[in-house]
There are 2 protein chains.
Amino acid sequence: MSDDELQSVAMVGGTGPLGRGLAGRLAVAGITVWLGSRDGARAEAVARATSEMLPASAAAIVGTENQRAIQQASLTVIAIPYDALAAQLSALTGLDGGRVVVSTAVPMAFDKGVPTAVRPEAGSAAQLVQAICPDARVVGALHTVAAGQLLRFDDVLDEDVLVCGDDPAACDVVRALVARIPGLRPVAAGGLAVAGACEGITPLLLRLNRLHRAQTGIRITGL
Amino acid sequence: MSDDELQSVAMVGGTGPLGRGLAGRLAVAGITVWLGSRDGARAEAVARATSEMLPASAAAIVGTENQRAIQQASLTVIAIPYDALAAQLSALTGLDGGRVVVSTAVPMAFDKGVPTAVRPEAGSAAQLVQAICPDARVVGALHTVAAGQLLRFDDVLDEDVLVCGDDPAACDVVRALVARIPGLRPVAAGGLAVAGACEGITPLLLRLNRLHRAQTGIRITGL
């Protein structure tokens, strides 16, 4: 995949805070976003509302059904929350043929609003995505970026994004995608086997957010 | 515990890289360290060698047996590696009466040198320490600071230390201790229930160290 192919991205399950935040940040970076949802009309409304928050120079955010979003772009970001991930992903086709698929989901359970990490049978959400889409090149990324922070489009980001996957070329593409968003530094973290460790940081950050009334992220020091 | 009581610290299991690194950094910060080992003669040799690497203005590092180190200071840092933690800690007395005990151990298994997080039955190494020392006030901290980086005493540190525990006053003491080391920022992370999440970051950092030939740590952004 060349830089040319970073011209557009499918954002599956894109109507939630993470999907909207990423869509807006990518559009600002000049990347057309096909913002998908099970409900095409809802996707259109969210895409329109998100676009209106961005400068006129931003690329388009086009709302459509998840399945059509996948058909429009060669790179797919899955922004479906973990609870709905298996059911919604299994209903989609086209995530095959070596397609690069970015898993952002974090396996968590909430007890009175307090998040705890959950360990899926597959080992991690990214490995679950790989099991459902065996012919895709799955890359885990963007787990620790606070959706609320992404959505404040005027805020300058300043944090790292751990990127893990078994296909080095696919990881290269995703690191290039992350690097297109100002203030995010992609950090190669290894194979898909480390996805569980990357995903496990997020419940801790959510607890820090509650404790410190903040929107935290991580930075790896010493690199 | 007042600031006065931060004048000395017992470093149990202090002859390994983390113990030596912390002992040196604390001594440079003016805190006397009772560096303990099961083998008192070995502790004396390590304490002497570590002291010789420090400026003359550093406080003393005194090598002695673990049990005697505990008797000399009101604050105890446990620097025993996880594999030996339960056996060595169970053999010691005096970690009771509300004493503040810092757990630094990280539950890990190594497969051909590659570290993976292990989940102890107690939930975390810190909770294991609490189970062995039910009358201590256990605080988890210093899991993510690279021992190799600590040991390069001329290197300036620049990273965060997550501090978790169920006793707020004990956490205050440990955050004050961490803050005495220049370049380390203590971050309150919640109760002992989050110790597993804090400890779980370390195997990921060790993998990043291998991948990037670096000595990584973490910084929490957005605070």
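The values are calculated or read from the model by the stated rules, or taken from the named source; none is laboratory data. None of these values were measured; they are calculated from a predicted model. Cβ sites come from the backbone with ideal geometry, for glycine too, and all protein chains shown count toward neighbours. Areas reflect the complete protein model, heavy atoms only, side chains present, ligands, DNA and RNA absent. Shrake-Rupley method; radii C 1.70, N 1.55, O 1.52, S 1.80 Å.
Count of the stretch A:166-177 residues, restricted to those that are open to solvent by 30 Å² or more (accessible area, probe 1.4 Å), within 15 Å of the chain's Cα centre (by Cα) and within 14 Å of chain B (Cβ to nearest Cβ), is 1.
Of the residues in the stretch A:66-89, none is open to solvent by 80 Å² or more (accessible area, probe 1.4 Å), under 29 Å from A:D135 (Cβ atoms) and touching a helix residue (DSSP H, G or I) at 6+ places or on another chain (Cβ under 7 Å).
For A:R137, indicate whether it is open to solvent by 50 Å² or more (accessible area, probe 1.4 Å) and within 14 Å of chain B (Cβ to nearest Cβ). Spelling it out, it is not the case that A:R137 is open to solvent by 50 Å² or more (accessible area, probe 1.4 Å) and within 14 Å of chain B (Cβ to nearest Cβ).
Screening A:A147 with (1) within 12 Å of chain B (Cβ to nearest Cβ); (2) open to solvent by less than 30 Å² (accessible area, probe 1.4 Å); (3) in contact (Cβ under 8 Å) with a residue 24 or more places away in the chain gives one miss only, at (1). Here's a check for you: in the stretch A:19-38, which residue that is of a type in the set (A, V, I, L, M) and not in a loop (DSSP other than H, G, I, E, B) is farthest from A:S57 (Cα to Cα)? Top of the filtered list is A:L35. Does the stretch A:208-218 contain at least one residue that is in contact with a His (Cβ under 9 Å, 6 or more places away or on another chain), open to solvent by less than 30 Å² (accessible area, probe 1.4 Å) and at pLDDT 95 or above? Among the residues of the stretch A:208-218, not one is in contact with a His (Cβ under 9 Å, 6 or more places away or on another chain), open to solvent by less than 30 Å² (accessible area, probe 1.4 Å) and at pLDDT 95 or above, which makes the answer no. Residues in the stretch B:1-42 that are without any contact (Cβ under 8 Å) to a residue 60 or more places away in the chain and under 22 Å from B:A141 (Cβ atoms): B:S2, B:D4, B:Q7, B:T15, B:A23, B:A27, B:T32, B:V33, B:W34, B:L35, B:G36, B:S37. If the condition is being surrounded by fewer than 18 Cβ atoms within 10 Å (Cβ to Cβ) and within 12 Å of B:I78 (Cβ to Cβ), then the stretch B:98-114 contributes no residue at all. For the stretch A:201-223, give me each residue that is more than 7 Å from chain B (Cβ to nearest Cβ) and polar (S, T, N, Q). Within the stretch A:201-223, A:T202, A:N209 qualify. Of the residues A:A126, A:A117, which single one is in contact (Cβ under 8 Å) with a residue 40 or more places away in the chain and open to solvent by less than 10 Å² (accessible area, probe 1.4 Å)? Criteria check complete, one pass: A:A126. Against the conditions (1) in contact with a strand residue (DSSP E or B) (Cβ under 9 Å, 6 or more places away or on another chain); (2) touching a residue at least 60 places away in the same chain (Cβ under 8 Å); (3) open to solvent by 30 Å² or more (accessible area, probe 1.4 Å), B:A45 satisfies every one except (2).
Among the residues of the stretch B:154-165, those that are away from chain A (no Cβ under 11 Å) and buried (at least 16 other Cβ atoms within 10 Å of the Cβ) comprise B:V161, B:V163, B:G165. Output the residue which, of all residues in the stretch B:184-200 that are in contact with a Lys or Arg (Cβ under 9 Å, 6 or more places away or on another chain) and not in a helix (DSSP H, G or I), is farthest from the other protein chains (Cβ to nearest Cβ). Going through the qualifying residues, I end up with B:P186. Selection of the stretch B:178-198 for residues being out of contact with any strand residue (DSSP E or B) (no Cβ under 7 Å at 6 or more places or on another chain) and buried (at least 19 other Cβ atoms within 10 Å of the Cβ) yields B:I181, B:G196.
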